[in-house]
Amino acid sequence: MTRLAIAGTVLMLGLTLSAGARAQTLVSAENPGALVSIIQELGFQAKLETDNVGDPVIHSSSNGVDFRIYFYECKNNKRCKSLHFSVGYDLSDGSSLGAVQEWNADKRFASAYLDDEADPFLQMDINTEGGISQKNFENSFELWQSLKGEFEQFIGWHDKPQRVSSANPRDLGA
């Protein structure tokens, strides 16, 4: 009788875990429209377009600053495997390599670089190959928002004369 009870408990636990795994929604860069919907459900604007090589790109904005989510590792402009978040800040005096190095030394998930005019850019990548949970994507998007806000404070974005540029080298034909 004890063995039967244990077997029944194990079976029920297995069924419960299996049902939970099936109920989890997976998303990936293979379905750009689904990602646009999730971003909109999070309260942000999101518009799906194509970049200069024909791959999907999401245009979005937060706190008055436009940013892009580029799709990479695509096969014939579809079935993409990863995402690249990117935002640029056109500062009248630019930034310094030292400031960018300071940011990069302290941050794990997003990195900064300077364009040819010393304007700072922030970028973050997400691998979605095989799918990630919707919650994981939402958390990653929220992390991007948080790091973007920290970066804007770090570079003094709201304290300086500015003009936003969310161009990525990919937009410029590079």
Under 20 Å between C-alpha atoms, the lysine pairs in the range 27-164 lying 8 or more places apart or on different chains count 7
In whole Hz, the Karplus estimates of ³J(HN,Hα) for the range 126-136 (6.51, -1.76, 1.60; θ = phi - 60°; x where Gly or Pro) are 9, 8, 10, 4, x, x, 10, 5, 4, 4, 4
Under the classification rounded if a/c is under 1.5, otherwise prolate if a/b is larger than b/c and oblate if not, where does the range 91-135 fall, given a ≥ b ≥ c as square roots of the Cα gyration tensor eigenvalues?
prolate
Search the structure for amide H atoms under 5 Å from the amide H of residue 57, placed 1.01 Å from N in the peptide plane, and list their residues when 5 or more places away or on another chain.
49, 50, 51
Treat each spin label as a single point 7 Å out from the Cα along the C-beta direction, and report the residue 52 to residue 142 distance in nm.
3.6
Quick one: give the max-minus-min coordinate of the C-alpha atoms of the range 27-164 along each principal axis, largest first, in Å.
40, 29, 26
Magnitude of the Cβ-charge dipole (Lys and Arg +1, Asp and Glu -1) of the range 27-164 about the Cα centre, nearest 20 debye, reported as 520
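A short reminder: the numbers here are calculations on the coordinates, not readings from a lab. These numbers come from a predicted model, not from an experiment. Ideal geometry is used to build each Cβ from the backbone, glycine not excepted, and the neighbour counts take in all protein chains shown.
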